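Participant: Encoded as structure tokens, here's the structure I'll be asking about.
The values are calculated or read from the model by the stated rules, or taken from the named source; none is laboratory data. This structure is a prediction, so every number in the text was calculated from the model and none was measured. Heads up, the Cβs are rebuilt from the backbone with ideal geometry, glycines too, and the neighbour counts pull from every protein chain shown. To get the accessible areas, we keep the full protein, side chains included, count just its heavy atoms, and leave off ligands, DNA and RNA. Shrake-Rupley method; radii C 1.70, N 1.55, O 1.52, S 1.80 Å.
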Amino acid sequence: VRDDIMREAVRAKFTQHADLAQILLETGDALLVEHTGNDDYWGDGGDGRGKNKLGKILMEIRSELRKKTSRN
């Protein structure tokens, strides 16, 4: 459930703010990582062993934005 809530929040942020969407799209195909030592679920845990769920969601939303942009 928390992944779905975060996904919706991130989607809302980047669909409501064109400037932020552009910044996200400009990351291209780069691997996005929430680098933090105090969170191994949303981030990488500081040592790369975390789940990096936020980074994965950001990349998912970036892909959605890219598809939407290419259709227009």
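Participant: Quickly run through region 1-32 and pick out the residues that are free of Cβ contacts under 8 Å to residues at least 40 places away in the same chain, open to solvent by less than 70 Å² (accessible area, probe 1.4 Å), within 19 Å of Arg66 (Cβ to Cβ) and aliphatic (A, V, I, L, M). Reasoning before the result, please.
Facilitator: From region 1-32, those free of Cβ contacts under 8 Å to residues at least 40 places away in the same chain are 1-2, 4-5, 8-9, 12-13, 16-20, 22-23, 26-32; that's our starting set.
Checking the rest, the ones that are also open to solvent by less than 70 Å² (accessible area, probe 1.4 Å) come to 9, 12, 20, 27-28, 30, 32.
Restricting the remaining residues to those that are within 19 Å of Arg66 (Cβ to Cβ) gives 12, 20, 27-28, 30, 32.
Once the filter is applied, which keeps residues that are free of Cβ contacts under 8 Å to residues at least 40 places away in the same chain, open to solvent by less than 70 Å² (accessible area, probe 1.4 Å), within 19 Å of Arg66 (Cβ to Cβ) and aliphatic (A, V, I, L, M), region 1-32 yields Ala12, Leu20, Ala30, Leu32.
Participant: Name the one entry in Asp3, Asp29, Asp40, Asp44 that is at pLDDT 95 or above and either in contact with a strand residue (DSSP E or B) (Cβ under 9 Å, 6 or more places away or on another chain) or in a helix (DSSP H, G or I) (or both).
Facilitator: Values: Asp29 fails: either in contact with a strand residue (DSSP E or B) (Cβ under 9 Å, 6 or more places away or on another chain) or in a helix (DSSP H, G or I) (or both); Asp40 fails: either in contact with a strand residue (DSSP E or B) (Cβ under 9 Å, 6 or more places away or on another chain) or in a helix (DSSP H, G or I) (or both); Asp44 fails: either in contact with a strand residue (DSSP E or B) (Cβ under 9 Å, 6 or more places away or on another chain) or in a helix (DSSP H, G or I) (or both).
The conditions single out Asp3.
Participant: Restrict the check to region 53-71 and report whether at least one residue is modelled with pLDDT of 95 or more, of a type in the set (A, V, I, L, M) and over 21 Å from Arg2 (Cβ atoms).
Facilitator: Among the residues of region 53-71, at least one is modelled with pLDDT of 95 or more, of a type in the set (A, V, I, L, M) and over 21 Å from Arg2 (Cβ atoms), which makes the answer yes.
Participant: State all residues of region 33-45 that are exposed (fewer than 14 other Cβ atoms within 10 Å of the Cβ) and of a type in the set (D, E, K, R); if no residue qualifies, say none.
Facilitator: None - no residue of region 33-45 is exposed (fewer than 14 other Cβ atoms within 10 Å of the Cβ) and of a type in the set (D, E, K, R), so the list stays empty.
Participant: Quick check, is Gly50 part of a loop (DSSP other than H, G, I, E, B) and surrounded by 11 or more Cβ atoms within 10 Å (Cβ to Cβ)? Quick ask: steps written out before the conclusion?
Facilitator: Values: part of a loop (DSSP other than H, G, I, E, B): yes; surrounded by 11 or more Cβ atoms within 10 Å (Cβ to Cβ): yes.
Taking the combined requirement at face value, the residue satisfies it.
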